[in-house]
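Read through the structure below, which is laid out as structure tokens, and then see the notes.
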Amino acid sequence: MESDVLSSLPPDQSALLGVTPQYGDVAEKFTRAFLKSSVPKLSSKDLEDALLHKAVVLQYARHKKKKGKKTLARGLNAKQRRELKVFQLKPENQKYELFLPLHELWKQYITDLCNGLKPGSNPQMIQQKLLKADFHGAVLTVVRSKCPSYVGTTGILVQEFKHIFKIITKENKLKVIPKRNSVFSVEMGDFVTHIYGSKFEFRSSERSAKKFKTRGTIDL
């Protein structure tokens, strides 16, 4: 077996590998001695069987895994969220001072978003950025509304939904303000801007990807 392999090597390759071809009885004796020293526990009969009948795996075949149905993790639907009261703010958490750190974070966020809110900033550029901005943590004040009872309400925005803002006032009261038919003022350092609720009747995640058209005037 080994003699056939060695004898088939060209002379230049034999010299490169540093082996000397063996022939006949010499090769057979070498092979048996090598196997006996390598596997000393085998008897002569087992050694003979290994040489004659043992199948040698030259390449490893990886077993194919059975494809099973993948179970996708599904979130809660709207009904389940309502039943679990996921978005309800507990009464003990309805405190204005608890959201002051969020307000400080929002001020830094909006300043960075608008490139520093400098006096020479382009108003149209700021307006476009505000339309897509996240207002959680901003102090909102209702300045106009078709419902007079909402006018003057001020507080930190704690939750935004598609059609409403939820704000917490300094009196620790949670107010639900509809976006439609309302105009809100927002203080940003030395700047005060107004946002029209009708332009914000989207979820905040949807609004960030929406393209808005510039209009001259907006009615309630």
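Residue-wise HN-Hα couplings along the stretch 184-196, as the Karplus relation 6.51 cos²θ - 1.76 cosθ + 1.60 with θ = phi - 60° gives them from phi, are 10, 9, 10, 8, 10, x, 8, 9, 10, 10, 10, 10, 9 Hz; Gly and Pro carry x.
Computed 3J(HN,Hα) for the stretch 147-152, one whole-Hz value per residue from the Karplus formula 6.51 cos²θ - 1.76 cosθ + 1.60 where θ = phi - 60°, is 10, x, 5, 7, 5, x, glycine and proline marked x. Amide hydrogen proximity for M188: with H placed 1.01 Å from N in the peptide plane, the residues at 5 or more positions away or on another chain lying under 5 Å are T193.
Take 162-172, 99-109, 179-189 and order them by the average number of nearby Cβ atoms within 10 Å per residue, most first; the result is 179-189, 162-172, 99-109. For the stretch 81-86, backbone phi angles converted through the Karplus equation (6.51, -1.76, 1.60; θ = phi - 60°) give residue-by-residue couplings of 5, 5, 5, 7, 6, 4 Hz, Gly and Pro being listed as x.
All of the numbers you see were taken from the coordinates with simple rules; none came from a lab. Just so it is clear, the structure is predicted and the values come from calculations on it, not from any experiment. Cβ coordinates were reconstructed from backbone atoms using ideal geometry, including for glycine residues, and neighbour counts include every protein chain displayed.
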